Amino acid sequence: MDSLGILSLIPPLLAIGLAIYTKDVIISLVIAVIIAAIMACGGNPYEAGITLLQDWVFPNVADSTNAQSMVMLVVVGGFTELITQSGSGLAFTNVVTRGLNSRSKCETAMWLSGLFIWFTDLGNSLIIGPIFEKVGDKVKVSREKFAYILDCTTSPICALVPIVGFGIYIMGLIDVEIEAAGISGSGWDLFLSSAPFNFYTVLTLIMCGFMAITQLDFGPMLKAQNRAKFEGKILKEGSTPMRKTQQIVLPEGVTPKMSTMLAPIAVLLIVIFVEMFRHGFPFEPIDGTVTRTAIMWGFLLATVLLVILCIRTKVMNFKECMGTMQKGWEGMMYMLVVLTLAWALGSGCKAIGTAAYLVQVTSGFLNPALLPVLLFIIGAVMSLATGTSWGTMAILMPIAFPMALAMGVPLPLTIGAVVSGGLFGDHISPISDTTIMASMGAACDHIDHFETQTPYGFVCAIVSAIGFLISGFMNSWSVLLISAVILFVLIFVLHRVDTKRFGTPEKNA
């Protein structure tokens, strides 16, 4: 079947609408996939069930590319949990906190530490938060600014790294679309080439560092910073700091070592790039299977070394290491379910001709140059309402990819728009897990964190939308530089306006 016409929009729109209404991506995807199957089978629910499982779920899970991505996610989950609970991240942060005698230095160190802990989005805040808490209080960093910095260095940094769960998930979505379209290339290549067009993600990281170094705060955040500086109130009066739900508890007398984290990560990177160099990287295209095998082998060897170091430093015994990794494996189950349902919905949309219909009805009036900014806005609305980037990307990627191919829009730009839209809500939504973890890590009132961070997120989103609009007509990495300049100017203007209203703390104090 080529297309069911306007009816082919029902499953993806239903998935989006239900995700926004229920805040539950899995339930939304399940219902959307079932509806798509019933539509594809002419309204026969029995045949729909057979088609859904036999043609959409089983083939996708059994597909070599998809199976590799699923196994990698499990291995990454175990490694991340073990390295987090080893306490090595705390040891690293202890080193970088020395000599932080000003607010600017302290916030900059928080930002740099968050960039370094790139292997986990959820664990990032819980590793860095407890270490910087006392230092931040000493130099009067408001808990709201602390939470903002933690939040900026969770998903945004992980979304740019192809060898962690976030990157592997995105590459898995891309690989499926490459195979379905019958085109050459790999998820690795397109993931890397999309980085300069991942405007919201990159600009968020840049903005966070810029705000830490210059102290050019504005809006509610400036009021919070003034309160901490002039009144000595790190927390807003009447606020309720979120308790940490996870504590890293080490055996008595055991001191965490930074080498426990650095050595496995070094092995991980060395193995990955040695294997890729063996196959011609960066001068020749690397097959997706080679890339995933290199990543998998690197993580396995890194995990073995990590277990040995944990046992040697008496942080955990072998049984405790296995139990910790098992928790990490279990934590990936949600991602695996979402990924499987996303693949099934993609198959369903292809079966009823969703993308074909969209191309048909938009080819006459939608300028292909507007597709990136449109995808970003749709993704931003979805992710803000649902608090999930993974679910947003799972729904949008199967629609955006074939539309971009049919309309001649560059794939790296299209992927950057989808990922950026998903990251927006994941970053600032009050129901996002990383936003909640940032409040926990900074011991900040969650609503205070949301209210002070939201203006920053929207400023970055507006500049990102401008970047996607320009990129639609000028496909060049230089647009990122233009967007960064616009962002810096906008921050300076907003700071000047709000300092007249709220005053300003001493420069770089």
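Every read-out reported here was derived from the displayed coordinates using simple, explicitly stated rules and does not represent laboratory data. Everything numeric in this text was worked out from a predicted model, so none of it was measured. Methodologically, a virtual Cβ is constructed for each residue, glycine included, from the backbone with ideal geometry; neighbour enumeration extends over all protein chains shown.
A compact table of results
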item	result
Integer Hz, Karplus 6.51/-1.76/1.60 couplings in order for the range 142-154, x for Gly and Pro	5, 5, 5, 5, 4, 5, 4, 5, 4, 5, 5, 10, 9
Calculated from backbone phi, Karplus (6.51, -1.76, 1.60) coupling profile of the range 83-88 in Hz, x at Gly/Pro	5, 5, 6, 6, x, 5
Rh by Kirkwood over Cα pairs, then Stokes-Einstein D for the chain at 0.890 mPa s and 25 °C, µm²/s	104
Label-point separation, GLN326 to LEU300 (7 Å along Cα→Cβ), nm	2.2
Signed unit charges on C-beta, dipole axis of the chain, positive-most listed residue THR108, PRO162, ALA404	THR108
Net charge dipole size for the chain [Lys, Arg +1 and Asp, Glu -1 on Cβ; Debye, nearest 20]	1860
Orphan Cys of the chain, criterion: no other Cys C-beta under 4.7 Å	CYS41, CYS106, CYS158, CYS310, CYS321, CYS349, CYS444, CYS460
Candidate aspartates and glutamates - alpha carbon under 16 Å from LYS134, same-chain residues fewer than 8 apart omitted	GLU107, GLU144
Listed pairs LYS257/LYS327; LYS233/LYS257; LYS105/LYS233; LYS105/LYS314; LYS105/LYS500; LYS105/LYS236 exceeding 30 Å between Cα atoms	LYS233/LYS257; LYS105/LYS314
Positive-end residue, the chain charge dipole about Cα centroid, Cβ charges, pick of THR84, GLY136, LEU13	GLY136
Net lengthening on full extension, ILE6/ASN317 (0.36 nm per residue, minus Cα-Cα)	106.0 nm
Relative contact order (percent, whole number), the chain, Cα cutoff 8 Å, 6+ residue spacing	27
Dipole of the chain, positive direction: furthest Cα of VAL337, ALA32, LEU262, with charges on the beta-carbon	LEU262
